[in-house]
Amino acid sequence: MKYASDIESWLSLNLIDGLGGESIRRLLIAFGNPAAILSAHVTALERIVKKTTAHRIKQGAERDNIINVLKWLEDPINAVITLADSDYPAQLLNIADPPPLLYFKGRRELLQQPALAVVGSRNATPQGLSNAEAFSEAASNAGLCIISGMALGIDTAAHHGGLRGSAASIAIVGTGLDIVYPAKNHPLAHKLAKEGALISEFPLGTPAIGRNFPRRNRIISGMTQGCLVVEAALQSGSLITARQALEQGREVMAIPGSIHSPLSKGCHALIKQGAKLIENTQDILDELSHLALIDAAPVRKKEFTSAQSTENSLLLKYLGYDVVNIDTLCARSGLTAEVVSAMLLTLELDGQISSLPGGWYQRIE
């Protein structure tokens, strides 16, 4: 087996039905470590937790469940990270209810990287998806690992953008790590496991249960220095993440949109309440600059010769130095308006072009 008996003690404690994170943390304070908790007399346990819970601890977790995790850990890409581990995310230790144990898949070094949460609507507009992907790529290239929840819409776009950048991306999921939800994101989950990471506090085999997703949001915000909301309706779950970020002392930022769009109303409400209005990547870096973490070297360096970067450079050629609009660029390049819009946003974030009133663009010397 990959792990010694201490990890089995952590698993034995974590897999006991009805024993939550708060109770586990109280027990750890009282007894010091999981092995001591498991070997404690029931009367000593009853001083910390309810009688029924104390007896469950003495009965222990189902051995088959522990063996299932130990077999899962035989794959070197998988890990279990506990509060006692040195690379448990430092930011997460500072929230009110840090998970005692995290199931992890991917690149472990990303856990200590400065991070930005990017969240928003599952039913995002094309412009919202473009914004999420472009801002995430730019922030990743600035050294911020992009953290989101792997939902459809803004989350998915944010992960793709983060993975294209230097600091990659981490998905915090609301199921066990042996389950991909939504199923449509299987290719994304595979890419995250290889180039980024996936994290869950829920045991293997945990299905997609509605109440688990708001709970995982505290980890999305808790692992980061700030939270960017791209598109959100007034009742969006993304606003739960934003509220949790505020409670955790994280910076909250939002991208404004049309006053007529329902998906802008959540962002506008956050801005009215004091969230930072974001127009470009520099706004994000300025908002987080006091944390003195943005200069951290990216975990993964990239040569910017990807197909996407090459296409963006070609668009500059079609742009020339005259003022042009999207229609003209579509005619010159043969690309769709949606693709051109996304490329223009990336070039603007990189400071290579400027947008002018009336939907016109100009290349900057």
Exercise. Grab every C-alpha pair in the range 96-135, bin the distances at 10 angstrom width from 0 up to the longest one, and report whole percents.
Key: 20, 34, 33, 14
Quiz item: In bins 20 Å wide, starting from 0, what share of all Cα pairs of the chain does each bin hold, as a percent?
Solution: 29, 51, 17, 3, 0
Quiz item: Can you give the three extents of the C-alpha atoms in the range 35-183 along their principal axes, from longest to shortest, in whole Å?
Solution: 59, 31, 30
Quiz item: Based only on Cα atoms, what Rg/Rh ratio does the range 1-67 have, Rh being taken as Kirkwood's radius?
Solution: 0.94
Practice problem: Measure off, as a whole percent, the carbon and sulfur share of the 1.4 Å-probe accessible area of the range 6-109, all protein chains present. | Solution: 47
Quiz item: Roughly speaking, what is the stretch gain from V323 to S355, that is 0.36 nm per residue apart minus the C-alpha to C-alpha distance, in nm to one decimal?
Solution: 10.6 nm
Quiz item: Taking the chain as a Gaussian network, where each spring joins two C-alpha atoms under 10 Å apart, which residue of F213, F135, F31 fluctuates the most?
Solution: F31
Self-check item: nm² value of the averaged projected area, convex hull over the Cα atoms of the range 126-251
Solution: 7.2
Self-check item: Rule-of-thumb Rg ratio for the range 233-282 [Cα; 2.2 N^0.38 Å; N residues]
Solution: 1.09
Quiz item: Contour minus end-to-end for A35 and N212, with contour as 0.36 nm per residue of separation and end-to-end as the Cα-Cα distance?
Solution: 60.9 nm
Quiz item: Can you give the Kirkwood hydrodynamic radius for the range 186-230, in Å, rounded to one decimal and based on Cα pairs?
Solution: 12.4
Quiz item: Modelled label-to-label distance, I67 and R122, 7 Å Cα→beta-carbon offset: nm?
Solution: 3.7
Quiz item: Given the chain, what percent of its DSSP beta bridges are antiparallel, to the nearest 5?
Solution: 45
Quiz item: Hey, with R₀ at 35 Å, roughly what FRET efficiency would E74 and D97 work out to, going by the Cβ-Cβ distance, to 0.05?
Solution: 0.70
Self-check item: Label-point separation, K51 to A90 (7 Å along Cα→Cβ), nm
Solution: 4.6
Practice problem: Using a Förster distance of 30 angstrom, determine the FRET efficiency expected from the C-beta separation of E109 and E338, and round it to 0.05. | Solution: 0.30
Quiz item: Which residue, Q225, Q273, Q112, tops the fluctuation ranking in a GNM of the chain built on C-alpha contacts under 10 Å?
Solution: Q273
Quiz item: With the other protein chains left in place, how much accessible area per residue, in square angstrom, belongs to the range 1-84 at a 1.4 angstrom probe?
Solution: 54
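The values are calculated or read from the model by the stated rules, or taken from the named source; none is laboratory data. Just so it is clear, the structure is predicted and the values come from calculations on it, not from any experiment. Please note: Cβ atoms are built from the backbone with ideal geometry, for glycine as well, and neighbour counts cover all protein chains shown. All accessible areas refer to the heavy atoms of the entire protein, side chains included, with ligands and DNA or RNA removed. Shrake-Rupley method; radii C 1.70, N 1.55, O 1.52, S 1.80 Å.
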